[in-house]
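A quick write-up on the structure given underneath.
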Amino acid sequence: MPNSRVTAILLVAIIALTEQTLAAREIWVAPDGDDQQTGTRDKPLATPGGAQQQVRRWIVAGLNDDVTVWLRGGIYRLQSTWRFTSEDSPGKQHSITYAAAPGETVVLSGARLIQGWQPTGEGPWRCKLADVAAGEWDFRQLVVNGRRAVRARHPNLDEPHPFVHIVALDPPSEMTSSRLLFSPGDLATWSRPTDAEVVMLGSWEVIRKRLASVDAATGTVELAPPHIVNHISISPKVGLACYFENAREMLDRPGEWFLDRSSGGLLYWPLPGEDMRSGVVEAPVLSRLLELKGTSERPIENVHFGRLRFENTDWPLPTMGYYGVQACFHNTIDMKNGEDDSRQEYWNYVEPAVRWQYAHRCSLTDGAIQHTGGGAISLGAGCRDDLVERNLVADIGANGIMVGEPWNWRYEQDRNCQISSGDVAKNNRIANNHVRNCGVCYPGAVGIWDAFTEATTIAHNEVHSLPYTGISVGFIWRDWPTVCCNNRIEFNHVYDVMNWLGDGAGIYMLGRQPGAVIRSNLVHGVGYGTQSYREVTGGRGIYFDQGSTGFRVENNVVYDVPGKPMYFNTGRSTVENHQWTDNTFIDSHPKTGAGRWGRALWGSDDDFIVAHRDDLEPAALTAETWFFQKLRGWHGKKKDPRDWLVAKNGNEHDDGHYGLVIDGDRVGAYLNIGGGRSGVYEAWSPPGAWQLYHWHHAAMSYDGSTLRVYLDGKPVAETAIGKPRSRGTGVLALARRADGARSFDGALDEFCIFARSLSLSEIARHAQAPHPLDEAAETDLAGHWNFDTLPEPPPVAKALKPHVGVQPHSSETP
C-alpha cells in the first residue's frame, strides 16, 4: 500500500514536470484567447504581449529549453508598441521564437477599424470621428480593403501634368522664403487651407510643409511657421515641382480620402465595386509596432520572429514640417550658414515601424511589413549577427530596410572620433527580401540603406518601384576613415527606381569603405527623375559619390540607365580608387523616357548619334523636333548657355554644319557655308520665346536663300543668306552638338528631317497636330525618329542576370 502511494505521488510529479516542460517549450496565442488562461493550445492567451510576460517569468526562473510562441491566424490590433528589453533576452544558450502557426496568416496591426459610414449622395461616403474632433487623434494614412487609399491630392497623379512648379519666391531668397508663387490657374480655392500640405521635390529629397493660407487668384501659397533654413540644395526654389494634399476640394475621384481635423469628418470616395457597409477601413494609431532595445552591456539575444505581418503605422509630420536632407533624414534646426556640417547631429529620420538596437543573433523572416507612414525596419546601434530574410517590404512611407546609425555628424565634428566597437552594427544579413513601393509619403526614400556598419551583407534582394535610390551604402561626404568597412552588396536585382528624383542611382555609395564588395548585381530600368529640380541627366546605375573609395566591383551588369551606368562624383571618387573585374556596363543605346507622345529621347552626356547618309544632306532642308527643358544653361553653371537640339557636321564653325539650338529662353539655328567663323550664319528669336516645363515645337529651314526659325508653328527669326549650303559627311547628333560638346539636358521627341523647305502652313500643322507625325502623309521625309520603341535588353545582360531568391509577388501577401 505505501509503495502504491509512493508510486502515485511519483506519477503525479512526473506528469506535472512533463506539463511544465511542455509549457516551457510552447505558448499559444489566439485572437479569441484570454491572457488569464494558461497559454496551451486549448487555452490560448489573447495577445503577443501576454505571451511575452509569460516568457519573461520563465527567463527569470531559468530557461532549460528553447521557447516557441505560436500565434494563431487573425488580426492582432496592438494598443501600444510591442517592446522588448534586456529582460526579454533568453541569453546565448536558448532561443525564443514568435511565429505564425503553420499554414495561418497573422497580422500585427497598428490601426483601428473605422465604421459607421454614411453616403453623402454621389461620390464620397462620410463618418464622424469624435476623438479626431477632440484633438486626441490625427492620422495621415488610410487603408481600405488592404489597399492604401490616396490622400486627396492636387494635381492628381494620373493627370497629364501631375505637378505644378514654383515660379517665384517671397522673400526671393531661396533659403528663407515663406511664400511660394505659382502660375495663374495652378491653384484652387480651398476652404480649409490649414488642413492642407505642400510637397516640394528637390534633386534628391523633398520638403513637406503645412499651409497657412492660399490665394488662388494670385497663385500665392503661404507656408505655416515655424520656418528654418535647410540644406542649400533642398530648399524652396523657382522651378521646383510641387503637389498638394488634404483639402476637401481635392477629393475629386474614386479611391481618395480627406480628413477634416477640426470637425472629425472623414470622407472616402469608394472605388467601383467597393461596399462601404461591408468593407474594411483602417487608420493607424501607432507609429511603432515592434521594438527591441537592449544595451551594450546586456543585449537582447536569440529572439526570432517568423511569418508575421506588421501593418498600418503612422508617422506624425513635425510641427515645422519635413525638411529633407537625404535618405529620409530631415533637418530640425536652422542651417543659417548654408551647409553647416557641424549641425548634422540635429538630423532626425523618419521613424520605422520596427526598430532594433543592441540585438544579437535575432531574426525577422518570412513575413511582411506594409502600409506604413514612416519607414519599415531599422537595425541600429549594437545590432550583431541579425537576419532579415524572405520578407515582403511594400507600400512604405519612407525607407524600406535600414542598417546602422547616421554617425556622419560625429566624424564631421572630429574626423578621428572613436566609436565603441559594441555600438557598431556588425555581421548583419539582409537577404532574399522583396522591397518595393517605398517613399510613398517621403519620396527621398531608399529601398535598402546601410551606414557606418561592418560586414553587412545585402544579398539576393529584389528592389524596385521607387521614387529615388534602390540601395544606398555609406553616409559621409568625406574620404576620412570611419567604422564602415567590409560590407557586401551582391546578387541583388534593382530596377524601376529613380522615378521622381534625379541625383541618385540603382546602387549608391558614399564615403570610404575599405573591404567593400559590389558583386554580381543586376541594375536596369533606372528612371530620369523627371520631377527632380536640378538633375536632368537621369539616374545612374552604380554611383560613387564624394569620398567613395576602397570598393571591389566585379561581375555586375548595368544597362538601360539614362545618366551613366557607372558614375563618379567629386573628391577621390575615381575609377583608380577601386578594383574592377568582369563588369558589363552598357552605355550604347539611347535613353528614353516620357515624351510628348509615348517615349522621348532624354539628353545626357552620351546621346543619339546617326551615321552620315547622303539623304541627310539635302540642298534645301527642314529640321524640326519637340523639346522639353527644366533648366536653362545647366543651372547657371555654363559660361556658354547654348544647347544643341539637333546638329550635323561638327560645330558651327565647321563647313556644312547645320544646327537647331536654344540659348537661354531664345531659340535659333546655325548654318555654316564655307567654313570658319566667317562662314557662320545664324538666326535667333527674341528673348522669352519659350518656357520651362512645357513641350515646344521648334523648326529650322533653309531654302537656298533664307534661314528661318519657327517656334510652336510660328516664324520667330530669319536671316537672308543667298548661298547654296555646303554639304558635309559628319554624323547627325540629337541632344548635343555633333562634335560631342554642348549636350542638351532635356527631352526631344518626334525629330524629323525633310529634303526641302517646308511652308509655314506645313510647319504650323505639325506643331498643332494632336497626334504624332503620320509618315505616310508626308513628302520628302528624309528621317523620322520618335523613340517609342524601347531597345531590347542586350543579350549579355539577359545571360548574366543574377539569381534573386524572392519571386515577384502577385499580391501584398508574402
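The values are calculated or read from the model by the stated rules, or taken from the named source; none is laboratory data. These figures come from a predicted structure and were not determined experimentally. All Cβ positions, even for glycine, are placed from backbone atoms using ideal geometry, and neighbour counts span all protein chains on display. Surface areas here come from the heavy atoms of the whole protein model, side chains and all, with no ligands, DNA or RNA. Shrake-Rupley method; radii C 1.70, N 1.55, O 1.52, S 1.80 Å.
Kindly indicate the residue of region 402-422 that is part of a strand (DSSP E or B) and within 11 Å of F452 (Cβ to Cβ) and also nearest to the chain's Cα centre (by Cα) among those meeting that condition. Result: V403.
Scanning region 549-567 for residues that are assigned to a loop (DSSP other than H, G, I, E, B) and farther than 26 Å from D745 by Cα yields N555, N556. Here D423, D366 are screened, and the one residue that is on the phi > 0 side of the Ramachandran plot and surrounded by fewer than 24 Cβ atoms within 10 Å (Cβ to Cβ) is D366. All conditions but one from (1) surrounded by 22 or more Cβ atoms within 10 Å (Cβ to Cβ); (2) more than 27 Å from the chain's Cα centre (by Cα) apply to G324; the one that does not is (2). Has region 113-132 got at least one residue that is at pLDDT below 95 and hydrophobic (A, V, I, L, M, F, W, C)? So far as region 113-132 goes, no, none of its residues is at pLDDT below 95 and hydrophobic (A, V, I, L, M, F, W, C). Pairing residues of region 195-209 that are open to solvent by 10 Å² or more (accessible area, probe 1.4 Å) with residues that are hydroxyl-bearing (S, T, Y), at Cβ distances under 9 Å and at least 6 apart in sequence or on separate chains, gives W204/S233; W204/Y468; W204/T469; W204/S532. Here G674, G656, G650 are screened, and the one residue that is part of a loop (DSSP other than H, G, I, E, B), touching a residue at least 12 places away in the same chain (Cβ under 8 Å), open to solvent by 40 Å² or more (accessible area, probe 1.4 Å) and farther than 17 Å from D749 by Cβ is G674.
I'd like the full set of residues that are without any contact (Cβ under 8 Å) to a residue 40 or more places away in the chain, crowded, with 21+ Cβ neighbours inside 10 Å and not hydrophobic (A, V, I, L, M, F, W, C), limited to region 479-498. The answer is N487, and nothing else. Restricted to region 740-762, and to residues there that are touching a Gly at 6+ places or on another chain (Cβ under 6 Å) and at pLDDT 80 or above, the residue that is farthest from A620 (Cα to Cα) is G746. Residue count for region 217-270 satisfying the condition of being assigned to a loop (DSSP other than H, G, I, E, B), of a type in the set (G, A, S) and within 26 Å of D138 (Cβ to Cβ): 6. Taking residues in region 722-741 that are under 16 Å from L660 (Cα atoms), and partners anywhere that are assigned to a loop (DSSP other than H, G, I, E, B) and β-branched (V, I, T), the pairs with Cβ atoms closer than 7 Å and at least 6 places apart or on different chains are R725/I673; A738/V731. Being modelled with pLDDT under 95, farther than 18 Å from L289 by Cβ and either open to solvent by less than 20 Å² (accessible area, probe 1.4 Å) or in contact with a strand residue (DSSP E or B) (Cβ under 6 Å, 6 or more places away or on another chain) (or both) is the requirement here; does G91 meet it? It is true that G91 is modelled with pLDDT under 95, farther than 18 Å from L289 by Cβ and either open to solvent by less than 20 Å² (accessible area, probe 1.4 Å) or in contact with a strand residue (DSSP E or B) (Cβ under 6 Å, 6 or more places away or on another chain) (or both). Meeting the requirement of 2 or more residues that are under 30 Å from A353 (Cα atoms), the strands (runs of 3 or more DSSP E) wholly within region 141-201 are 197-201. So is S532 at pLDDT 90 or above and among the polar types (S, T, N, Q) or not? No; evaluated as a whole, the condition is false for this residue. Contact map, region 297-317: residues that are of a type in the set (G, A, S) paired with residues that are in a strand (DSSP E or B) and open to solvent by 10 Å² or more (accessible area, probe 1.4 Å), Cβ distance under 8 Å, separation 6+ or inter-chain. Pairs shown: G306/T97; G306/S363; G306/T365.
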